[in-house]
Amino acid sequence: LPVQSAITHPRPGQAVPAGELTVKGYAWSGGGREVVRVDVSLDGGRTWQVARLAGERPVPGRAWAWALWELQAPVA
């Protein structure tokens with residue numbers, strides 16, 4: 001399956017102050033395959049940034065849970 005992901009913070013429609021923003025979420029790929037990278041766009045897909053994967057790395061072929069990720073990004 002293609003990697004699927006969701007943003008869990010900030011909430012949809014939530015106002016955020018200017019400055020550094022922490023964006024958090026989870027991703028999964030299905031079939032026991034490991035998520036190795038999550039790219040995040042904060043401008044509708046014009047530019048992309050690589051998020052940091054959090055937590056322990058699974059044994060290859062044994063990735064049956066979501067991978068947590070987060071991104072620190074400047075917000076105007």
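The values are calculated or read from the model by the stated rules, or taken from the named source; none is laboratory data. Computed from a predicted model, the values in this text were never measured in an experiment. Please note: Cβ atoms are built from the backbone with ideal geometry, for glycine as well, and neighbour counts cover all protein chains shown. Accessible surface is based on the protein model in full, side chains and every heavy atom, while ligands, DNA and RNA are left aside. Shrake-Rupley method; radii C 1.70, N 1.55, O 1.52, S 1.80 Å.
For the stretch 10-35, a residue qualifies if it is over 16 Å from Trp66 (Cα atoms) and of a type outside the set (A, V, I, L, M), and the qualifying residues are Pro10, Arg11, Pro12, Gly13, Gln14, Pro17, Gly19, Glu20, Thr22.
Residues are listed down the side, and each one gets a yes or a no for (1) under 11 Å from the mean Cα position of the chain (by Cα); (2) free of Cβ contacts under 8 Å to residues at least 24 places away in the same chain; (3) at positive phi:
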site	(1), (2), (3)
Pro10	no, yes, no
Ala15	no, yes, no
Val23	yes, no, no
Val40	yes, no, no
Arg52	yes, yes, no
Trp69	yes, no, no
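Which of the residues that make up the stretch 10-56 are in a strand (DSSP E or B) and open to solvent by 80 Å² or more (accessible area, probe 1.4 Å)?
Glu20, Lys24, Trp28, Val50, Arg52
Residues of the stretch 9-48 that are in contact with an Asp or Glu (Cβ under 7 Å, 6 or more places away or on another chain) and of a type in the set (Lys, Arg): Lys24 alone.
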